[in-house]
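Taking it in order: structure first as structure tokens, then the write-up.
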Amino acid sequence: MKIQNQNSLKIINCGTISRNEATGSKSYKPKSNRDGFIALIAILIISGIIILISLTVSQLSIAEAQMSLQKSQSSQAYYLANLCAEEALMRLEETNGAYAGGSELIENGSCIISVSGNLPAKKVGIEADFQNQIRKIKIIISQISPKIIINSWQEVAEL
């Protein structure tokens, strides 16, 4: 059976108590907080990285949603331009080429229709604006009566 020396270190929750053999006095040494400090710094760094990743992902999703909305509005502007082009052709046919163009307001968009040229040929320009998305169509007509003959129908950057 072994008996432990009474002069050995005794560890308690708060720190370390040691006995000086020469003087017999006891001294108290507090436990180091270094491990806790390192853990706290590690948690802060990991939290910062997680927040940074979350912000990046949310900004990417917002940008993606904005691009999707812009694409949808651009498609709506294209369909509006085609609608106004059909309207312009109907009015040209009804008036035997006397229609000179004008403005059309349709729901959240508008069209500006311009007609130029002398009979029998006409050039029709359409500029459609749907929530600040603009699409333009240029139509070249070689004949209006008895039937409209369209030589060209194309989307253009400038009229």
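The values are calculated or read from the model by the stated rules, or taken from the named source; none is laboratory data. The model shown is predicted, which means the values in this text are computed figures rather than measured ones. Positions of Cβ are generated from backbone atoms using ideal geometry, with glycine treated the same way; all protein chains shown enter the neighbour counts.
Of all residues in region 131-159 being touching a helix residue (DSSP H, G or I) at 6+ places or on another chain (Cβ under 9 Å), surrounded by fewer than 16 Cβ atoms within 10 Å (Cβ to Cβ) and farther than 14 Å from CYS84 by Cα, which is modelled with the lowest pLDDT? Can you show your working first?
Within region 131-159, the first condition is being touching a helix residue (DSSP H, G or I) at 6+ places or on another chain (Cβ under 9 Å), and the residues that meet it are 131-137, 139, 141, 144-145, 147-148, 150, 153, 155.
Going one step further and asking which of them are surrounded by fewer than 16 Cβ atoms within 10 Å (Cβ to Cβ), we end up with 131-132, 134, 145, 147, 150, 153, 155.
Adding the requirement that they be farther than 14 Å from CYS84 by Cα leaves 131-132, 145, 147, 150.
Details: GLN131: 92, ASN132: 92, SER145: 84, LYS147: 89, ILE150: 94.
Across region 131-159, the extreme among qualifying residues is SER145.
Any residue at all in region 97-108 that is of a type outside the set (Phe, Trp, Tyr), surrounded by 12 or more Cβ atoms within 10 Å (Cβ to Cβ) and over 42 Å from the mean Cα position of the chain (by Cα)?
Within region 97-108, one or more residues are of a type outside the set (Phe, Trp, Tyr), surrounded by 12 or more Cβ atoms within 10 Å (Cβ to Cβ) and over 42 Å from the mean Cα position of the chain (by Cα).
Just one of LYS136, LYS122 is among the charged types (D, E, K, R) and farther than 25 Å from GLN66 by Cβ; which is it? If you could, list the steps in order and put the result at the bottom.
Working: LYS136 fails: farther than 25 Å from GLN66 by Cβ.
After applying the criteria, what remains is LYS122.
Going through ALA128, ALA100 one at a time, which residue ends up being modelled with pLDDT of 90 or more and over 26 Å from SER68 (Cα atoms)? Give the steps one after another, and end with the answer.
Details: ALA128 fails: over 26 Å from SER68 (Cα atoms).
One residue alone meets the criteria, ALA100.
Kindly indicate which of GLY48, GLY125, GLY117 is small (Gly, Ala, Ser) and more than 23 Å from GLU158 (Cα to Cα). Please lay out each step first, then the result.
Values: GLY125 fails: more than 23 Å from GLU158 (Cα to Cα); GLY117 fails: more than 23 Å from GLU158 (Cα to Cα).
One residue alone meets the criteria, GLY48.
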